[in-house]
Amino acid sequence: MRAIVTGQIGMEKKPYLDAVARFAGQQGEPLSLYHVGDMMYAEGTDVRAGRILDLPISRLNSLRRAAFKDIIADSSTGGPGGGPQPNMIVNTHATFRWRHGLFSAFDYDQVQKLQPELFVCLVDNIEVVHHRLHREHDIDATLKDCMVWREEEILATELLSKSIPGSQFYIMARGRHHLTTRTMFRLVCRPKMKKVYPSFPMSHVMDMPEVLAEIDRFRAALAEHFITFDPGDVDEKLLLDRGIAAAREGKEFLDVTPHTFGGGKNAEPVRVRVREILDIAGDVDGQIYMRDFKLVDQSDMIVSYIPEIPDGKGGGIPGLSSGVERELHHAFEHTKEVFVVWKPKKAPSPFITETATRVFASVDEAMLYFEKNGYFADKNLFGN
């Protein structure tokens, strides 16, 4: 599989994709990796580190074309026995938003010659992207700027994919790196594996550790057997909620420990300006709405976990959020397979049972069904 992986500056795609290539090697799978930025610096030996985007666009374009020319040549002859590369990832960008303004970061004629079958746009929590961007570059960009740039990168990558017949486009979060490196490996090297969107309540269970633990076990079980596009790997709604609370307390800054839903507690804290968080409130909600539906669309099926949550009266009620309901209905209307793990004692409504392919009483029951019905690609659960 030939893949082009894009993402805005601040994603740190290079170390992430290096980890993907190492993981592929551990599986005994050849995976060639090309960092276009590094190749451009190697071509322009006079360019100071970190300053390549300050070059005139004409020079920037010529360096990129030289790098892509080498990649195209190697794709045809760099594989075993001098043949084509069996699997390769090209790490690049679709757009740049820099001092020149917004401009493209690819040449269509060269992408066409490469004939990639897969386009992946990587995303990450915006406060982390913003932090990395300012740590590595002398540029004044707000959270809003980063949100806009992300939308541009996603759209440009998707449009580029549509221009290459037969190619596929995916949005993917870096998220829980030890799992998503495996996901990227599978997407490139095991493309026939089932692709799953795990659906579960998020915002209103954040203060329920036992429920969070249930949901995390559910997510881990799916990630072990499938290619999963997990909405919890980007959790900016939590950032927004914290920002609103900080504004009410009169705080100017908020120290955020970047983490994905239910995990990542050892991450380095990031300081974020509260006013900038409030400025992206509409962007956060809008991009969650857009991104989660796209994640459903690019999956073969949706598997939803509905926990039982306390009702405040000593009993329990279904933890069915409006977001989960919309995702289930969207998947059903787009003819996806719809599976539900229903934990509450109260029976599910017809709006669940009439749109679900099957309803299970536990995660174990669901996994047994998937195994018996050939949903698992093979027995090597972690790699292959």
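FYI, it's all coordinate maths here, none of it is from the lab. Values in this document were obtained by computation on a predicted structure and should not be read as measured data. For neighbour counting, all protein chains shown are included, and Cβ atoms are generated from backbone atoms with ideal geometry for every residue, glycine included.
Result for the chain in a Gaussian network model with C-alpha springs under 10 Å: among Asn125, Asn91, Asn61, the largest mean-square fluctuation is at Asn61. Ordered by the number of other Cβ atoms lying within 10 Å of each residue's own Cβ, fewest first, Ser304, Ser32 fall into the sequence Ser32, Ser304. Counting other Cβ atoms within 10 Å as a rough exposure proxy, the listed residues Glu268, Glu153 run Glu268, Glu153 from fewest neighbours to most.
Amide H contacts of Gln168: Leu118, Phe119, each under 5 Å away and 5 or more positions distant or on a separate chain (H built 1.01 Å from N in the peptide plane; Pro and chain starts excluded).
So which lysines can Lys251 reach, going by Cα to Cα under 25 Å and dropping same-chain residues fewer than 8 places off? Within reach: Lys144, Lys237, Lys265. Rounded to the nearest 20, the size of the Cβ-charge dipole of the chain about its Cα centre is 540 debye, with Lys and Arg at +1 and Asp and Glu at -1.
Considering only alpha-carbon pairs that sit under 8 angstrom and 6 or more positions apart, the relative contact order computed for the chain is 16 percent. If you plug the beta carbon distance of Asp70 and Arg135 into 1/(1 + (r/R0)^6) with R0 = 30 Å, you get a FRET efficiency near 0.50.
For the chain, the antiparallel share of DSSP beta bridges with both residues in that region comes to about 25%. Sparsely packed loop sites in the range 301-384 (the GluC sites (Glu not before Pro) outside DSSP H, G, I, E and B with at most 11 other Cβ atoms within 10 Å) comprise Glu354.
Let me have the 222 nm mean residue ellipticity of the chain computed from DSSP H runs of 4+ only, each contributing -39500 (n - 2.57), with the sum over all residues rounded to the nearest 500.
Details: 14 runs with 173 residues, N = 384.
Value at 222 nm, helices only, nearest 500: -14000 deg cm²/dmol.
Give the percent of DSSP beta bridges with both residues in the range 1-193 that are antiparallel, rounded to the nearest 5.
Working: 4 of 22 bridges.
So the antiparallel bridges in the range 1-193 amount to around 20 percent.
Phi-derived couplings, Karplus 6.51 cos²θ - 1.76 cosθ + 1.60 at θ = phi - 60°, listed residue by residue for the range 100-117: 6, x, 8, 8, 6, 10, 8, 10, 4, 4, 6, 4, 4, 5, 5, 6, x, 9 Hz, with x used for Gly and Pro.
Computed about its Cα centre, the charge dipole of the range 92-189 is approximately 360 debye, with only Lys, Arg, Asp and Glu carrying charge at their Cβ.
Need the full-extension length gain, Glu371 to Ala220, defined as separation in residues times 0.36 nm minus the C-alpha distance. One decimal, nm.
Numbers: separation 151, 0.36 × 151 = 54.36 nm, distance 1.59 nm.
Residue separation times 0.36 nm, minus the Cα-Cα distance, leaves 52.8 nm.
Taking the DSSP beta bridges with both ends in the range 194-379, the antiparallel portion is around 30 percent.
Using θ = phi - 60° in the Karplus curve 6.51 cos²θ - 1.76 cosθ + 1.60, the 3J(HN,Hα) couplings for the range 218-223 round to 4, 4, 5, 5, 5, 5 Hz; x is entered for Gly and Pro.
Residue order for Lys294, Lys345, fewest other beta carbons within 10 angstrom first, comes to Lys345, Lys294. Projecting the Cα atoms of Thr335, Pro307, Phe351 onto the charge dipole of the range 305-358, computed from C-beta unit charges around the Cα centre, puts Pro307 farthest toward the positive end.
Please compare each pair in Lys113/Lys195; Lys13/Lys113; Lys313/Lys345; Lys313/Lys346; Lys194/Lys336 to a cut-off of 19 Å on the Cα-Cα distance and tell me which ones are over it. Pairs exceeding 19 Å: Lys113/Lys195; Lys13/Lys113.
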